[in-house]
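Novice: There's a structure below that I have some questions on.
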Amino acid sequence: MMNKTIRQIAIYGKGGIGKSTLSSNLTASFSQLNLHPAQIGCDPKADSVNTLMNGDFISTISEIVREYGNSEESFYKAVYKGFNDILCIESGGPIPGQGCAGRGVLVALNLIEQYKILEKLNIDIAVYDVLGDIVCGGFAQPIRQGYAEEVYIVTSGEYMALFAANNIAASIQLFAEQGLKSRVAGIISNLRNVHQEKDIIEEFAGLINVPLIHHIPRSDYVQRSELLGKTVIEAYPESKQAQNYFELANKILNNENRIIPNALSKHKLLELMKKYSNSELMI
């Protein structure tokens, strides 16, 4: 058991793009596909796994380390079982106004590795839900330190979401040039009902040479589920939205793409957005 390879993927994207919602529904889907998954929230807000924990906040690694120290015994106080036996962990961060949030992520990931938590708890696949785009070295740690060599970028068709997605692609391109093994496995589109949104995202994906894995539609089922403190997979398993998450999970499980992207210049990205903005004005 201890020698098996654990598949580890990182979910990146602009803050507020819906990474935690997507990650939780993805992890819940994995749990229904005869896998034992873990979700690791890498954000000081510590709200990544709420819908896997019936809407509850859990103690974070940062909080446990501050209160009890960083022994292996105390570390397990930050390890929870959520929906369908999913392993739930939040890195947390410093007390507001003190310290570096990215440093909190690094400490958390190092302790997970040091104590072999994923191996000891027989995890098959781990999902790292990471704050924002890579503007801080601390939040780059899941890929910089080699925890997750498989990266998915979440975006909508909005300019700032694509700007962040392009920054992430540029960061991974740079890391690859430095000899790191992390690669982009695909783009996941989390739709906001922007005009010609699918076309925008598909063209962007083609321009940076990264496959588009799946379009996740906007749906009222997401908010309804979150108000219940649950994922769509748990609350509305027969819904079309749940089927979209299952389709995404299966596509990821069968995806072998590991790509060094070709990030766009700011000028090229702006050209792309203007192209679709002009087409909207002509309607």
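Novice: Output the direction-averaged projected area (hull surface divided by four) of the convex hull of the alpha-carbon atoms of region 1-137, in nm².
Specialist: Details: hull surface 32.2 nm².
The directionally averaged projection comes out at 8.0 nm².
Novice: I would also like to ask the following. Scattering from the C-alpha atoms of the chain alone, worked out with Debye: what is log10 I(q)/I(0) at q = 0.15 1/Å?
Specialist: The Cα Debye sum returns log10 ratios of -1.13.
Novice: Extending each Cα 7 Å along its Cβ direction at Gln196 and Gln145, get the distance between those two points in nm, one decimal.
Specialist: According to this spin-label approximation, the distance is 4.4 nm.
Novice: Using amide H atoms built 1.01 Å from N in the peptide plane, name the residues 5+ places from Leu191, or on other chains, whose amide H lies under 5 Å from its own.
Specialist: Ile216, Arg218
Novice: Would you mind working out the magnitude of the charge dipole of region 160-283 relative to its Cα centre, with +1 at each Lys and Arg C-beta and -1 at each Asp and Glu C-beta, to the nearest 20 Debye?
Specialist: Details: 14 positive and 13 negative charges, 50 e Å.
The calculation lands at about 240 debye.
Novice: Multiply the residue separation of Arg66 and Leu270 by 0.36 nm, subtract the distance between their alpha-carbon atoms, and state the gained length in nm to one decimal.
Specialist: Working: separation 204, 0.36 × 204 = 73.44 nm, distance 4.47 nm.
Roughly 69.0 nm would be gained on extension.
Novice: Given R₀ = 25 Å, FRET efficiency for Tyr76-Leu228 by Cβ-Cβ distance, to 0.05?
Specialist: Here the calculated transfer efficiency is 0.30.
Novice: To the nearest 20 debye, what is the magnitude of the charge dipole of region 12-281 about its Cα centre, counting +1 on the Cβ of each Lys and Arg and -1 on the Cβ of each Asp and Glu? List each step's numbers first, then the result.
Specialist: Values: 24 positive and 30 negative charges, 93 e Å.
The calculated dipole for region 12-281 is roughly 440 debye.
Read-outs throughout are calculated quantities, based only on the coordinates presented, and are distinct from any laboratory measurement. Computed from a prediction, not measured in an experiment: that's the story for all the values here. Cβ atoms come from the backbone with ideal geometry, glycine included; neighbour counts cover every protein chain shown.
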